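Report on one structure; see the data block that follows.
The values are calculated or read from the model by the stated rules, or taken from the named source; none is laboratory data. This one's a predicted model, so the numbers in the text were calculated from it and none came from an experiment. Using ideal geometry, Cβ is built from the backbone for each residue, glycine included, and neighbour counts are taken over all protein chains shown.
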Amino acid sequence: MTQTLNYQAIFEAVPDPYLILAPDQDFTILAANDARLRATHTRREDSIGRPVFDVFRKNPDDPTEFGTGALRDSLERVVRTLAPDRMAITRYDIPRPAAQGGGFELRYWRPLNVPVLDEHGEVLYIIHQVEDVTAKVLRQDSASLVHSEERFRAALLASGTGTFTWFLSDGTLSLDSALEQIFHLPLGQQVTSVEGFIAQVHPDDRHYVRLAFEHYANGDDFTAEFRLVHTDEERWLACKAKAFRDANGTLAYVAGACTDISARRHAEDALRDSENRLRQLNETLEARVATEVAERSRAEDALRQAQKMEAVGQLTGGIAHDFNNLLTGIIGSLDLMQRRHQRGEPLDLERYIGAAVTSAQRAAALTQRLLAFARRQTLNLRPGDVNQLVASLEDLLHRTTGENITIVTRLSAGLLPACMDVNQLESALLNLVINARDAMPYGGQITLSTASFSMGETPDPKKSGMAAGEYVLLSVADTGTGMAPNVMKRAFEPFFTTKPIGQGTGLGLSMVYGYIKQAKGYIQIESEPDVGTRVDLYLPVHHGESPTVVHEPEHAPAGAGETILVVEDEPVVRSLVVEVLNDLGYETLEAAEASEALRITESEQRIDLLISDVGLPGMNGRQLADLARQQRPGLKVLFATGYAESFAANDFLGPDMAVITKPFAIDAFASKVGEMLGIRNG
């Protein structure tokens, strides 16, 4: 007997919140299940037949909230591409019922918008599904905002890139400090309008810049190259911007980035001049031809170098929007706490602090991705059990992929220990699984497998550049959409991504590639469209004795009056480290630079441990440690660093030396200090 399915009952019974939207200009709500109504404190009679952005409107108390605009962009992409669109985790506040005090309550969602097509291939409905991840977001650990923000500013300045925001409602313009420095603005002078921006441009190029802002005001992408006027030498900038709409579809603001391309323009000019002179040379004048060829070679080298720097500028400009959104979450949370404290209103400190530190953690992760791609992060390579690592991550991977994806593990027994950095390999494996998940929007299977592999002395054409030796093979395979050959060739490029705008920076696979290469391993991709993708990670086998596993204590061990010398040129960091050590029961001495520290080590003062930054002004941290050990043989040294290229060399650390990477959790730092001093948790 065939039973008729009651789709309405099924729709109402689904536990996840769902809306059915019309693909019209207002995205009218056609249906809402009970789970959606409960999650958003709304009633069906107040929702059906109304535009979605009338029912779920923008929080008027938070001008920086951008969730409504992000949702509209996603729905418009679904109508335009006829394909599902998975949005990044987005903040979208929900009106609070009057009985509960009114106003808005902070919420974070993971939305998925799926089109339903008719027989002609046109969008009939849009299924809007969300998952409330507010509690998960607010539970995440914090990181150092100061370090993340300063590193990002340093990256912008190093690449010659600055950013600006143009608010179309009142015409105001805001420049970040990097762009103000590029413009050579006097101290205290600010550019707050388009005309003020144009005043910094060479008169001959101002019409290009005006044209660019006209395009931005109409919502069009446009790139303008121009010279600056207030500079001693000719400086060229390339500016590119994108206009963003609010929930009503009205253009709200323009976010852009300007990159210094002076080196590229000068190199191109020199190359053109060289080519013109070469055409004019007499072919019989060999000496002159040789001179011009050398000149051309130098110009081409300069152009390639300029293009590399411009690529770095494009990267920092490309993630500037994401980073500024993270800072908005941090600054906005702190500002709300300050305002409500000043007004004497009750504070929900845990919620606002959680939101701020979560954004700070994500900001710190951006800098770690850049270091990973550049192969400049500090690796802690040790022998490890790959099978054990995969097994320990299974629960996290299941929760990350969702119920419609099956994870299968096929782990080979008897594997030799691999030489690996556990944290970096965990991050790489999580990246690959997330990529596999995104390649299967309608579900599928991810297979994690391990095996032994031996590379002989005879080169394998399919594994070009792989060194001979024994490896542990870790594979991640999916049954997703796969990649075409031209896409697979570019998979490791740092700025290449097939994901929609806002859902990927193009650094995920680049980060995995950077880590594997730095660890002396090998990585390979095999993929076929509509069949799936497999990524193979080859990790070198560790030869030698495996150290005894040391279990970290649940709580950091306390000191017993040991004296620690802290050398750090950043006052905020130095003060934080000293305060943590004092709370743990240590005596502390502090110095801002190596010369000041050496005066302390030359004295009769007791010192049990030296904690030093690597990048000190003048003498670096390793040089300080060597001199201090000449005065105090056997002195233990802990280096704390956020970026130290020298750590890539195996001989950087000597006996009784260790390193901890900034930003670090306070508990991890305290445990490392206790380990250095030989203190066990009581």
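For residues in segment 570-595 being in a loop (DSSP other than H, G, I, E, B) and out of contact with any helix residue (DSSP H, G or I) (no Cβ under 8 Å at 6 or more places or on another chain), which is modelled with the highest pLDDT? Within segment 570-595, the match that is modelled with the highest pLDDT is Glu593. Tell me, please, whether a residue that is more than 30 Å from Leu71 (Cα to Cα) and either modelled with pLDDT of 85 or more or crowded, with 18+ Cβ neighbours inside 10 Å (or both) can be found in segment 496-512. Yes, because at least one residue in segment 496-512 is more than 30 Å from Leu71 (Cα to Cα) and either modelled with pLDDT of 85 or more or crowded, with 18+ Cβ neighbours inside 10 Å (or both).
A single entry from Leu145, Leu173 fulfils the requirement of being at pLDDT below 85 and among the aliphatic types (A, V, I, L, M): Leu145.
Every test in (1) over 20 Å from Glu470 (Cβ atoms); (2) in a helix (DSSP H, G or I) is passed by Asn387 save one, and that test is (1). Of everything in segment 599-645 that is part of a loop (DSSP other than H, G, I, E, B) and among the aliphatic types (A, V, I, L, M), the residue that is farthest from Ile564 (Cα to Cα) is Ala644.
You will find that of Glu275, Glu283, Glu295, Glu233, the residue that is at pLDDT 75 or above, part of a loop (DSSP other than H, G, I, E, B) and over 30 Å from the mean Cα position of the chain (by Cα) is Glu233 and no other. Out of segment 559-569, which residues are closer than 20 Å to Val659 by Cα and at pLDDT below 85? Listed by number, the list holds a single entry, Gly559.
Scanning segment 641-653 turns up no residue that is crowded, with 18+ Cβ neighbours inside 10 Å and modelled with pLDDT of 85 or more.
The set of residues in segment 186-216 being among the hydrophobic types (A, V, I, L, M, F, W, C), modelled with pLDDT of 90 or more and out of contact with any helix residue (DSSP H, G or I) (no Cβ under 8 Å at 6 or more places or on another chain) consists of Ala199, Leu211, Ala212. Please indicate, with yes or no, whether at least one residue in segment 457-471 is touching a Gly at 6+ places or on another chain (Cβ under 9 Å), in contact (Cβ under 8 Å) with a residue 24 or more places away in the chain and assigned to a strand (DSSP E or B). Within segment 457-471, one or more residues are touching a Gly at 6+ places or on another chain (Cβ under 9 Å), in contact (Cβ under 8 Å) with a residue 24 or more places away in the chain and assigned to a strand (DSSP E or B). Is segment 393-415 home to any residue that is surrounded by 15 or more Cβ atoms within 10 Å (Cβ to Cβ) and in contact with a Pro (Cβ under 9 Å, 6 or more places away or on another chain)? Scanning segment 393-415, I find no residue that is surrounded by 15 or more Cβ atoms within 10 Å (Cβ to Cβ) and in contact with a Pro (Cβ under 9 Å, 6 or more places away or on another chain), so the answer is no.
The residues on offer are Pro115, Pro51, Pro60, Pro17, and the sole one that is of a type outside the set (A, V, I, L, M), within 19 Å of Val133 (Cα to Cα) and over 27 Å from the mean Cα position of the chain (by Cα) is Pro17. Listed conditions (1) under 18 Å from Val531 (Cα atoms); (2) of a type in the set (Ser, Thr, Tyr); (3) assigned to a strand (DSSP E or B) are all met by Ser454, apart from (1).
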